[in-house]
Amino acid sequence: MTPALTNDTLSFAFLKEKAHQLRRNMLVQAVGKGQGYLGQGLGLAEFFSVLYFHELKYDPQDPHAKNRDRFYMSTGHYSIALWAVLAEIGYIPKDMLPTYGADESPLEMSTIEGRVPGVEMTGGSLGHGLGIAVGAALGLRLKGSQSRVFVETSDGELQEGSTWEAATAAAAFKCDNLVAFLDCNGIQADGMLVVPIEPVADKWRAFGWDVFEIDGNSLEQLVGAMQWARATRGKPKMVVMRTKPGKGIARLEAREQAHFIRVDADEWDLISRELEQENA
Amino acid sequence: MPKGQTLGMGELETVENRPFETAPFAKGAIAANEKRDDIVVLTADLGKYTDVYPFRDRFPDRFYNVGMAEQALVTVAAGLSRTGWTAYCTTYGAFATRRAHDFLAIACAHGGANVKMFAGNPGLTTGYGGTHQAIEDLALMRAVPDMTVIDPCDATEMRQIAEQAGEIDGTVYCRLLRGNVPVVFDPATYKFELGKAKRFGDGADIGFISTGFMTERCLDAARDLARMGVKASVLHCATIKPFDRDGVAEFAASVDKVVTAENHVLIGGLTSVVLDALQEASILKPMLKIGIPDRFIECGSIPYLQNKYGLTAERVRDSVADWLGVRAEAAE
C-alpha cells in the first residue's frame, strides 16, 4: 500500500524513466489511429509519473483496497494517459493498450467507471470530478480515514459552473485532505482557450484554497508540490500546473490545434523516433 | 371554487377530514440511520423546507448544507457514496431534475451511486409557479438508465420509503411529501414494496391506475362513484421505474374502463408507462387520462390550483362521471 517510491528513496532518474515509459504507452495506443487526445496525455506524463510512482497510495494487487488514496481524473477524454499509467502499475495488461478506442475494448476514448480497474469516476461530461472529490474527502474524513483525495481538472473545464460550486463547498467544509491539480494546457475543443481564465491562481485563493503554481512538466516542481500539499493544513489545496500539450515530441508540441491531434499515417515512425531521441 | 392566497414560504398546508403526520420523511431517515448508521443527509439551502432538520438535530455530524448549489449537492453525494456512505439529498424536484440532471445521470446513475434524491414540491404541491413546480420530473428521471423513480402517496408510504431507501440498489429519485402529510394507508397493514403496485377494492366498472397523492384522490372519488352506482377499484403505482407492468396489465384486464391519474404532465409519466404496459400486453381499454396540462402553471393557493387543473377528489369524480355520462349530483 505504498507508491513505488517513498521520499526516502526519491530518484528523479526513476521518475524520468517512468514519464518516458508512460509516453511510450500512450504512443502504443495512438499509433495508426490518425487522431486522438494524445497531446493532453503527453503533457501530463510527468504529473502521472510523480502521482503514481511517488505520492498516491494504492495496492497493486487490489484496486478497491479500502485504505487507498482516491484519484479522480475529471477530464475523461484524457483516458489515454490513465490507460498508460494503469498499464504501468499492472491494473491492465500492457498488450491491451493497442485496443484503445477500438469497438468492444474497455480502453475507451473517455473513462467509464466500472469497466477498468483503477477508474474511480466517469469523466466525459466535464465539471463532475471536483464535486465528487469533495464528497469523497468528506466521506473519508467521516470514517476517520487517513487516505487522501487527489483530483485532476483542467483550465478549460473551469468554464463549467459546477466547478465553482464544488470549490465553494470544499472551502466551506475545510477539506484539507483534498489536493486538486489544474492542468493549464491552454487548449479546449474549439482551439486555444475561448474565454480567459487568468488570473487563475488568484481565483482559487479568493475561493479559500491554498494554491501552489508550478511548471507541470518539471518533475522537481511536481515533487515539491506534493511535499507542499502534505505539509499544509486547514484548507483544500490547488496545484496549478502549466503544461505543454504534446510535450516530449517536438513535432506534436508545435501543432497549433493540439486538442484533438491528427497524425498522418506516415508520421508515426518519425514521432516514435523523436520521442526516443528526446529522452535519450 | 373560492379564490385563496398563495401560502408564505414554509407555511404548512392544513389537512382537513383526514389524519395527518408532520415530517414523515425525517422520521424515516432517522429510523434508517439508527438501523444502518451509514446515512449522510445533504441539502441545498432547503433544509427547513424539505423536513431534514430533525435528522440534522439527531445526527449533526451526518448533515451538510451546500447552499444553493444543486450540482454540488449531487456530485458531493456521489463522492460520499464512493467512500461507502448512503447519501440522502433533498432539494425541490424542479431544481434537482432541471439544474442537476447531468449530475444525477452521469455522476450517480451511470456508476450506480448509492444516492437517494428526495425531491420536494412535486407537481401542484406548491403555489410558487412554473419555477418551483416539478411537473415533468418523473418523465426526466424515468428516461435515465438505471434510475429508480418513486412517487409516494401519503405519510405512511413516505416514511417507509425514507426508512428503506438504503436497501434499494443504485440511484433513486423519490418525490418528497413534506409538512403535514395526510395518512391514507394504515401504517399497521400497509407495506411499500419497490416495483409492486397495490390494488384497493374490487369494483370492475372503472379501474383507477394512479401514482403519488392522486391515489388518495382516486380512493375518495371511487367511494363517491359507488354511491352513484359505479363500481371502481384503485391500483396504486408508487414505483414508476421499475414499473409493475404485469400487475398493471392484470388489473386493466379485470376492469371495463381505465382512468389514469397523476400529479404530473401527461407526457412521459405514469400515463405513458401504463400505455406502454397495456400495449405490450395487447390490452385495449377505453381510457380517461387525468394529469397536468402541457404548459407551465401559474402561482396560486394549492387548493385553487389543484381544483383548477382537475387534481382534487371532487374534480376526479366529476371528470369520471362526465366521461361515463352519469350524474355527479347523485353523490351529494
_Among residues of the stretch A:124-136, those that are modelled with pLDDT of 95 or more and either assigned to a loop (DSSP other than H, G, I, E, B) or more than 7 Å from chain B (Cβ to nearest Cβ) (or both), counted_ = 6
*Kindly indicate the residue of the stretch B:82-100 that is part of a helix (DSSP H, G or I) and within 11 Å of another protein chain (Cβ to nearest Cβ) and also nearest to the chain's Cα centre (by Cα) among those meeting that condition.*
B:ARG99
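Select, from B:ARG159, B:ARG99, the only residue that is buried (at least 21 other Cβ atoms within 10 Å of the Cβ), basic (Lys, Arg) and not assigned by TED's automatic domain parsing to the domain that holds B:GLU262. Step through it out loud before you land on a result.
Values: B:ARG99 fails: buried (at least 21 other Cβ atoms within 10 Å of the Cβ).
Every option except B:ARG159 fails the conditions.
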*Among the numbered conditions (1) acidic (Asp, Glu); (2) part of a helix (DSSP H, G or I); (3) crowded, with 17+ Cβ neighbours inside 10 Å, tell me where B:GLU262 comes up short.*
(2)
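When you check A:TYR91 against the structure, is it of a type in the set (Ser, Thr, Tyr) and either open to solvent by less than 10 Å² (accessible area, probe 1.4 Å) or in contact with a Lys or Arg (Cβ under 8 Å, 6 or more places away or on another chain) (or both), yes or no? Show your work before the answer.
Values: of a type in the set (Ser, Thr, Tyr): yes; either open to solvent by less than 10 Å² (accessible area, probe 1.4 Å) or in contact with a Lys or Arg (Cβ under 8 Å, 6 or more places away or on another chain) (or both): no.
Here the answer is no, as A:TYR91 does not meet what is asked.
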_Checking the structure you have, find out if any residue of the stretch B:118-130 is hydrophobic (A, V, I, L, M, F, W, C), more than 8 Å from chain A (Cβ to nearest Cβ) and under 27 Å from A:ARG148 (Cα atoms)._
no
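Being among the hydroxyl-bearing types (Ser, Thr, Tyr), open to solvent by less than 50 Å² (accessible area, probe 1.4 Å) and more than 13 Å from B:VAL230 (Cβ to Cβ), is that true of even one residue in the stretch B:280-300? Step through it out loud before you land on a result.
To start, the set of residues in the stretch B:280-300 that are among the hydroxyl-bearing types (Ser, Thr, Tyr) comprises B:282.
In the following step, the residues that additionally are open to solvent by less than 50 Å² (accessible area, probe 1.4 Å) were identified as none.
No; the residues of the stretch B:280-300 include none that is among the hydroxyl-bearing types (Ser, Thr, Tyr), open to solvent by less than 50 Å² (accessible area, probe 1.4 Å) and more than 13 Å from B:VAL230 (Cβ to Cβ).
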*Which number in (1) on the phi > 0 side of the Ramachandran plot; (2) open to solvent by 50 Å² or more (accessible area, probe 1.4 Å) marks the one condition that A:GLY101 misses?*
(2)
_Please go through (1) out of contact with any helix residue (DSSP H, G or I) (no Cβ under 8 Å at 6 or more places or on another chain); (2) of a type outside the set (Phe, Trp, Tyr); (3) assigned to a helix (DSSP H, G or I) for B:GLY28 and return the number of the only condition it doesn't satisfy._
(1)
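Would you mind finding the one in B:ALA29, B:ALA77, B:ALA109 that is buried (at least 24 other Cβ atoms within 10 Å of the Cβ), small (Gly, Ala, Ser), in contact (Cβ under 8 Å) with a residue 60 or more places away in the chain and assigned by TED's automatic domain parsing to the domain that holds B:MET158? Working first, answer last.
Values: B:ALA77 fails: in contact (Cβ under 8 Å) with a residue 60 or more places away in the chain; B:ALA109 fails: buried (at least 24 other Cβ atoms within 10 Å of the Cβ).
Selected residue: B:ALA29, the only one of B:ALA29, B:ALA77, B:ALA109 that is buried (at least 24 other Cβ atoms within 10 Å of the Cβ), small (Gly, Ala, Ser), in contact (Cβ under 8 Å) with a residue 60 or more places away in the chain and assigned by TED's automatic domain parsing to the domain that holds B:MET158.
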*For the stretch A:137-149, how many residues meet the condition of being in a helix (DSSP H, G or I) and of a type outside the set (A, V, I, L, M)?*
2
*asked:* Considering only residues that are farther than 11 Å from B:MET147 by Cβ and open to solvent by 10 Å² or more (accessible area, probe 1.4 Å), which ones fall in the stretch B:169-178?
replied: B:ASP169, B:LEU177, B:ARG178
*asked:* Considering only the stretch A:89-98, I want to know if a residue exists there that is assigned to a helix (DSSP H, G or I) and within 13 Å of chain B (Cβ to nearest Cβ).
replied: no
*Single condition A:LEU140 does not satisfy, out of (1) more than 7 Å from chain B (Cβ to nearest Cβ); (2) out of contact with any helix residue (DSSP H, G or I) (no Cβ under 8 Å at 6 or more places or on another chain)*: (1)
*Of all residues in the stretch A:178-207, how many are within 18 Å of the chain's Cα centre (by Cα), over 19 Å from A:HIS77 (Cα atoms) and within 14 Å of chain B (Cβ to nearest Cβ)?*
1
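Could you please find all residues in the stretch B:134-154 being part of a helix (DSSP H, G or I) and either over 11 Å from the mean Cα position of the chain (by Cα) or in the same structural domain as B:GLY291 (by TED's automatic domain parsing) (or both)? Walk me through it before giving the result.
The initial filter retains those residues of the stretch B:134-154 that are part of a helix (DSSP H, G or I), namely B:137-142.
The answer is B:ALA139, B:LEU140, B:MET141, B:ARG142.
Going by the conditions given, is B:ALA100 touching a strand residue (DSSP E or B) at 6+ places or on another chain (Cβ under 7 Å) and small (Gly, Ala, Ser)? Outline the logic, then answer.
Numbers: touching a strand residue (DSSP E or B) at 6+ places or on another chain (Cβ under 7 Å): no; small (Gly, Ala, Ser): yes.
No.
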*asked:* For the stretch A:149-156, check the following and say yes or no: at least one residue is in contact with a His (Cβ under 8 Å, 6 or more places away or on another chain), in contact (Cβ under 8 Å) with a residue 24 or more places away in the chain, surrounded by 24 or more Cβ atoms within 10 Å (Cβ to Cβ) and more than 7 Å from every other protein chain (Cβ to nearest Cβ).
replied: no
*Quick one: which strands (runs of 3 or more DSSP E) lie wholly within the stretch A:164-261 and hold at least 1 residues that are free of Cβ contacts under 8 Å to residues at least 60 places away in the same chain and open to solvent by 50 Å² or more (accessible area, probe 1.4 Å)?*
A:210-215, A:237-242
*asked:* Of all residues being in contact (Cβ under 8 Å) with a residue 40 or more places away in the chain and more than 14 Å from every other protein chain (Cβ to nearest Cβ) in the stretch B:37-73, which is nearest to the chain's Cα centre (by Cα)? Just the residue, please.
replied: B:THR50
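The values are calculated or read from the model by the stated rules, or taken from the named source; none is laboratory data. None of the values given here were measured: they were computed from a predicted structure. Note that we place each Cβ from the backbone using ideal geometry, even for glycine, and neighbour counts take in every protein chain shown. Side chains included, ligands, DNA and RNA excluded: accessible areas come from the protein's heavy atoms. Shrake-Rupley method; radii C 1.70, N 1.55, O 1.52, S 1.80 Å.
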